[in-house]
1. Pairs, please: C-beta under 7 Å, at least 6 apart or cross-chain, first residue open to solvent by 50 Å² or more (accessible area, probe 1.4 Å) and in the stretch 84-102, second part of a helix (DSSP H, G or I) and modelled with pLDDT of 85 or more?
2. Determine the pairs where a residue that is more than 15 Å from His305 (Cβ to Cβ), located within the stretch 327-354, has a partner that is part of a strand (DSSP E or B) and hydrophobic (A, V, I, L, M, F, W, C) with Cβ atoms under 7 Å apart, the partner being 6 or more residues away or on another chain.
3. Name the residues in the stretch 187-214 that are open to solvent by less than 20 Å² (accessible area, probe 1.4 Å) and at pLDDT 95 or above, would you?
4. Which condition from (1) under 18 Å from the mean Cα position of the chain (by Cα); (2) of a type in the set (D, E, K, R); (3) modelled with pLDDT under 95 is the one that Asp286 breaks?
5. When you look at Met376, is it exposed (fewer than 14 other Cβ atoms within 10 Å of the Cβ) and at pLDDT below 95, yes or no?
6. Could you please find all residues in the stretch 131-186 being among the β-branched types (Val, Ile, Thr), assigned to a loop (DSSP other than H, G, I, E, B) and at pLDDT 95 or above?
7. Test Glu432 against the stated conditions and say whether it is touching a residue at least 24 places away in the same chain (Cβ under 8 Å), more than 20 Å from Leu342 (Cα to Cα) and either open to solvent by 70 Å² or more (accessible area, probe 1.4 Å) or in contact with a His (Cβ under 6 Å, 6 or more places away or on another chain) (or both).
8. Considering only residues of the stretch 406-425 that are more than 22 Å from Asn377 (Cα to Cα) and not in a strand (DSSP E or B), which is least open to solvent (accessible area, probe 1.4 Å)?
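The values are calculated or read from the model by the stated rules, or taken from the named source; none is laboratory data. Not measured: the values here are computed from a predicted model. For neighbour counting, all protein chains shown are included, and Cβ atoms are generated from backbone atoms with ideal geometry for every residue, glycine included. Keep in mind that these areas ignore ligands, DNA and RNA; they rest on the heavy atoms of the full protein, side chains included. Shrake-Rupley method; radii C 1.70, N 1.55, O 1.52, S 1.80 Å.
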Amino acid sequence: MIDFVSTIKSSHLSLSLSPLQSAAESTLRVLSTRWKNLWLTVPSLLLNCHNFPYRQDEVILSFFDRLLEFDPDSRLLKVKLECGGSEDIDGLRDRISTVIQRGPQHLDVESFTEYRDDDDDNFLYPFIDYMPLNLYTSKTLVSLTLTFSGLGDPGFVSMPCLKFMTLVKVHFRYAANLEKLVSGCPVLEDLTLIRNMDPILVGSDENTMRVRSGSLKRFRVPLSHGKDCSSFVKCTLEFDAPVLEHMTLGEDHYDIIVVKNLTSLFTVDLDIKFVVEFGVFFDPGDLSKRNEIRYFLSGMSGVRHMIISEKTVKALELYSNVGMIPKFNNLSRLEAVFPFKLLQFLPAFLECCPNLKHLILEVYYSREMEDAFALMNVPQCFLSTLECVQLKRIHEWEEEEMKVATFFLENAAVLKKLTLSLTNYPRYVFDEEIFEEVNKVTKRSPTCQILLDWDLC
């Protein structure tokens, strides 16, 4: 049998092994006599503790030691460690510290999560795996992802190359540690935060977390907790980022969000309702909550592209009954999902967008509703700026859908294009019939085109 592996240059083979998981690398050494040490020179490491038989700690540590001692001058450019859902490995923190000293560019650590029973009070206490202190002074890290890890008081922070940071349910010993961490990353461009809502970990005291950055361009709070999204501990997020361009708030992780100096904000994507509890909306009679929402909306009033979900629309409609939504004078593109019963709020909200050019609207219709609705008031943008409207995900075509299309055609004076995005959902009306019916509407804009598009999702 020909040993094809032996014919490959060592440098090329080392790079080709990088995508393999470490457990797979070690089991394939029998393929070539050169493999025995060559796999130790790969520039990247993916170590999943669960891949080791019986999760033997000494085997995992021995593997690490062999890798680190084989060539002390070697540099691991990309390191990913997955130890979540298992017991702690005594000594692993020291190995992570050694890895950081080797100057990696990408580090991704999923720490173990464990609750230990105290014999004195029979209460489960979390055991937190804190990151080594030399993490905060890494001169080489470009991206950092931490999951379930603990971040103690960093003291001095200097991470001059870090551009991407993701913190998933990380435990901060003190809320101020987040501000220290971000402030010590002068070129940070992308930050993702998923709040840890475990009541045992977060304690019972209200806290304020701050993000202040002169370099941050993208910020995300993604959907994570789902129906478990709730917390008895109030948490405020203060956000100050003058060059931020994109903000995504995909879930209510923070009771209060204070935004400042968002002068460069281009896109905001909101799927929040301003209450950290699944399915619960804020009380319009709560004055402090109304003020929080007012300051939040005013803080991002310069945004150019806005995406809002159905529940955010509902929250804004609730707020509009007791407060005034600010003008979004720079907003030129809006993507919104409206429940059918709130369609009468649409003209009022569009009135807050006087320079809107592009509207992508998805409506969730309810055939059970007997009350007729009317779209009466004509927003300012209809008269001067609104050029393109897309009605998304049209499943059926009945009186309600026709009424929405007619509202735009009869009132938008400079409309250039109305696009009807039809799904492949079975309808009683043929697509050609829809096109003909809409084309019969008297258009305020004589140059408006009606287009059919097919949304297959």
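1. Close Cβ pairs satisfying both conditions: Gln101/Asn134.
2. Phe338/Leu361; Phe338/Val363; Phe340/Val363; Leu343/Val363; Leu346/Phe338
3. Across the stretch 187-214, the qualifying residues are Leu188, Asp190, Leu191, Thr192, Leu193, Val211, Ser213.
4. (1)
5. yes
6. Hits for the stretch 131-186 are Thr140, Val142, Val157.
7. Details: touching a residue at least 24 places away in the same chain (Cβ under 8 Å): no; more than 20 Å from Leu342 (Cα to Cα): yes; either open to solvent by 70 Å² or more (accessible area, probe 1.4 Å) or in contact with a His (Cβ under 6 Å, 6 or more places away or on another chain) (or both): yes.
Spelling it out, it is not the case that Glu432 is touching a residue at least 24 places away in the same chain (Cβ under 8 Å), more than 20 Å from Leu342 (Cα to Cα) and either open to solvent by 70 Å² or more (accessible area, probe 1.4 Å) or in contact with a His (Cβ under 6 Å, 6 or more places away or on another chain) (or both).
8. For the stretch 406-425, the residue satisfying everything is Thr423.
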